[in-house]
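The values are calculated or read from the model by the stated rules, or taken from the named source; none is laboratory data. Given the structure is predicted, the values throughout are model-derived calculations rather than measurements. Cβ coordinates were reconstructed from backbone atoms using ideal geometry, including for glycine residues, and neighbour counts include every protein chain displayed.
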Amino acid sequence: MRLFVDNLTNVDFSYLCPQRGLLGETWLAHIELTGTLDEQGMVCDFGIVKKQLRNWLDEELDHRLLVPTQYSGCQIETDNSYHRIQFALHPESTQYGFTDGCSITTRSPHQAITAIPTGRITPQSVALWCEQQLKNAFGPDVAKVALHFTPEDINTPFYHYSHGLKKHAGNCQRIAHGHRSKLLIWKNDQLDNALITQWANTFNDIYLGTEEDATGNHDGHWHFSYQAQQGEFELSLPQNQCYMMATDTTVEFIAQHIATQLKQQDPSASYTVKAFEGIGKGAIASS
């Protein structure tokens, strides 16, 4: 007998890719448990399944940086409190303009990083790792745990972005986490697909950096560092994967930034920007 929960929760995170660099992502999580029926006629209580798995995914994947440790260009050094990661990027990835010597490095507290023993981060490789971690989580009546991750079905342009919010009291303070996000823009109360496409392209596969967090811009890389409640965070990545903002990079400021830029380009028009942060939440700004 199999018990399933579709759309159990969603996880927002970033991961490292040799071809695309640092990628913000959002996946919906679906679960199946295979087992025998207990005295209640259940494989497992739905309430227990949902609570336990949501908590586990929040703790182990959500708002973390996922690192494929079996990729040949990945090096990890670990001490008592921090992981330091050096991740080489493929120079042949002309789509993103990576040149020889481009890399991503980060030093972050342990709880900000999830190391996955795979050569590439995919929904399948992450699901397999999760299943291995969870195989004994639900007692003897449950013989198998199966996870399935899917992206949100978005029929308009969207973008992947990563950021870190040092002032946040929760896990948003982690310097490399992110989202896959929808964007809607209205010009003079009319949905403007050209502007949506323009800004989705501008922010696609981007790291949104705050100017005051930048410690340098050299060797073709931006370098960021800040102190937050969970510890010290450092990140460097190629310049062409960064978009700098004068403010923090909350979704509220992102929406306001786009609206302000549009108004500066055409002061005679009115704009409304609906920027999503992952699935089903975000901010609306007008100019």
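Take the conditions of a type in the set (Phe, Trp, Tyr), surrounded by 13 or more Cβ atoms within 10 Å (Cβ to Cβ) and assigned to a loop (DSSP other than H, G, I, E, B) and apply them to PHE87. Does it pass? No, not satisfied. Among the residues making up the stretch 151-168, a single one is touching a helix residue (DSSP H, G or I) at 6+ places or on another chain (Cβ under 7 Å) and either farther than 23 Å from GLY24 by Cα or β-branched (Val, Ile, Thr) (or both): THR156. Every listed requirement among (1) closer than 20 Å to CYS102 by Cα; (2) free of Cβ contacts under 8 Å to residues at least 60 places away in the same chain; (3) outside any strand (DSSP E or B) is met by LEU208 save one, (3). Residues of the stretch 153-188 that are in contact with a Phe, Trp or Tyr (Cβ under 7 Å, 6 or more places away or on another chain) and small (Gly, Ala, Ser): SER162, GLY164, GLY178, SER181.
Here is a check on your reading of the model: is TYR96 at pLDDT 95 or above and under 23 Å from CYS242 (Cβ atoms)? Answer is no for this residue.
Residue pairs whose Cβ atoms lie under 6 Å apart, sitting 6 or more positions apart in sequence or on different chains, and linking a residue in the stretch 1-26 that is over 28 Å from HIS221 (Cα atoms) to a partner that is among the small types (Gly, Ala, Ser) and surrounded by fewer than 22 Cβ atoms within 10 Å (Cβ to Cβ), do not occur here.
Out of curiosity, is PRO140 more than 21 Å from the chain's Cα centre (by Cα) and surrounded by fewer than 17 Cβ atoms within 10 Å (Cβ to Cβ)? So PRO140 passes the test.
A residue that is over 23 Å from PRO109 (Cβ atoms) and of a type in the set (A, V, I, L, M, F, W, C) can be found somewhere in the stretch 225-245.
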